[in-house]
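A short write-up of the structure that comes next.
The values are calculated or read from the model by the stated rules, or taken from the named source; none is laboratory data. Owing to the predicted nature of the structure, the values given are computational and were not obtained by experimental measurement. Every residue, glycine among them, receives a Cβ derived from its backbone with ideal geometry; neighbour counts consider all protein chains shown. Accessible surface is based on the protein model in full, side chains and every heavy atom, while ligands, DNA and RNA are left aside. Shrake-Rupley method; radii C 1.70, N 1.55, O 1.52, S 1.80 Å.
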Amino acid sequence: MPANTFTDADLKALLLAVGLAPAQDDYSQTFEQLGLDSLARTEISTRIEDRTGLQLEIDAEHSPAQVAELVNAHLSGATS
């Protein structure tokens, strides 16, 4: 069953799953700045889809905070 919110705890768990443990204030850095390659971003995207049902392509220029905002916007119906 898809989740209806995506929390900071969810985001942290995803980042830990791909071997990244940034501090909360690092969430505004891009995935490129955090050193995540395309394979790690794909893994995050897959886990987001498993958790929420949302298919999302994550670019190197996205930050974890932007991804969380985008997921929550979709889950709340704010985007189509």
Please indicate, with yes or no, whether at least one residue in segment 59-78 is open to solvent by less than 70 Å² (accessible area, probe 1.4 Å) and touching a Pro at 6+ places or on another chain (Cβ under 6 Å). no
When segment 44-56 is checked residue by residue, the ones that are outside any helix (DSSP H, G or I) and under 10 Å from the mean Cα position of the chain (by Cα) are LEU56
Of the listed residues (ALA68, ALA40, ALA60), the one being in contact with a Phe, Trp or Tyr (Cβ under 9 Å, 6 or more places away or on another chain), not in a helix (DSSP H, G or I) and not basic (Lys, Arg) is ALA60
Filtering segment 25-39 down to residues that are among the hydroxyl-bearing types (Ser, Thr, Tyr), at pLDDT 90 or above and open to solvent by less than 40 Å² (accessible area, probe 1.4 Å) yields THR30
For segment 40-58 the number of residues that are of a type in the set (Gly, Ala, Ser) and surrounded by fewer than 15 Cβ atoms within 10 Å (Cβ to Cβ) is 1
The condition of being more than 11 Å from the chain's Cα centre (by Cα) and not small (Gly, Ala, Ser) holds, among LEU70, LEU20, LEU15, only for LEU20
Restricting segment 6-24 to residues that are over 17 Å from ASP37 (Cβ atoms) and part of a loop (DSSP other than H, G, I, E, B), the one least open to solvent (accessible area, probe 1.4 Å) turns out to be PHE6
